[in-house]
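Structure record follows, encoded as structure tokens.
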Amino acid sequence: MRAALLDALGTLVELERPWPHLVAELRARGVAVGEDDARRAMLAEMAYYKRHHDDARDFAGLKDLRRRCAGIVRAELGTALPVGDVEDAMLAAIRFRPYPEVPGVLAALGGRGVARVVVSNWDVSLHDVLERTRLRPLLDAVVTSAEFGAAKPDPSIFRHALGLAGATPAEAVHAGDDVEADVEGARAAGIAAVLVARDGMEPPPGVRTVRTLDALLAG
């Protein structure tokens, strides 16, 4: 293996439950909401974001998308708090952390000379997430769908990642947690795929499945 292509959310990093944080952040701004209401608002925001994240191809687009997402939260909560304050609370509530084994696995792959390239359906803010979680120094390149202009399972985004890694499809493995986006997308580009099933989900027949990324070190 000369290249490890890696999904981000659900593979390298996880999202902490944002609604308890949103309750606390809004309380600090003088607004009291219940956790159930905060959960409903954040789930609505997350659904909207998933449909529109590729709008944020640059930081101007990201700023606009975040303001729209904050508008979703504000409307769901029915609060009179200015949308800018809601946005600040929302962003403070969205927190990512790496899975425990990830830093060590990335370091070990790098020590073996394996190129480590993230291939993610995410907006331009993924770069900041990887910096804050201290994973960026352990990666050789990052490809986001928003910046590239195509999203997984489109095989072109995988081919682009291979070019950055300097590897052929036969020399690479892609690991991700979504059957359609990661497994089918990688296979369409001729790349071996590994499904990361941290929750123990039953994989489709013929799909190699792992619970953690430690398995990548076994070959």
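The values are calculated or read from the model by the stated rules, or taken from the named source; none is laboratory data. Fair warning: this is a prediction, and the values are worked out from it, not measured in the lab. All Cβ positions, even for glycine, are placed from backbone atoms using ideal geometry, and neighbour counts span all protein chains on display.
If only one of 176, 190 is touching a helix residue (DSSP H, G or I) at 6+ places or on another chain (Cβ under 7 Å), under 22 Å from residue 103 (Cα atoms) and of a type outside the set (A, V, I, L, M), which one is it?
176
So that you can scan it fast, the table gives a plain yes or no per residue for (1) among the hydrophobic types (A, V, I, L, M, F, W, C); (2) modelled with pLDDT of 95 or more:
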{"residue": "9", "(1), (2)": "yes, yes"}
{"residue": "14", "(1), (2)": "no, yes"}
{"residue": "25", "(1), (2)": "no, yes"}
{"residue": "28", "(1), (2)": "yes, yes"}
{"residue": "35", "(1), (2)": "no, yes"}
{"residue": "54", "(1), (2)": "no, no"}
{"residue": "85", "(1), (2)": "no, yes"}
{"residue": "97", "(1), (2)": "no, yes"}
{"residue": "101", "(1), (2)": "no, yes"}
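Given (1) surrounded by fewer than 19 Cβ atoms within 10 Å (Cβ to Cβ); (2) touching a Ser or Thr at 6+ places or on another chain (Cβ under 9 Å), identify the lone condition not met by residue 122.
Looking at each condition in turn, residue 122 falls short on (1).
Could you check the range 183-203 and list, in sequence order, the residues that are within 19 Å of residue 158 (Cβ to Cβ) and either at pLDDT below 90 or outside any loop (DSSP other than H, G, I, E, B) (or both)?
183, 184, 185, 186, 187, 188, 192, 193, 194, 195, 196
Starting from residues that are small (Gly, Ala, Ser) and part of a helix (DSSP H, G or I), keep the ones in the range 126-155 and report whichever is farthest from residue 56 (Cα to Cα).
Taking the candidates together, the pick is 145.
Anything in the range 174-219 that is among the basic types (Lys, Arg), under 19 Å from the mean Cα position of the chain (by Cα) and surrounded by 14 or more Cβ atoms within 10 Å (Cβ to Cβ)? List them, or say none.
Matches in the range 174-219: 198 only.
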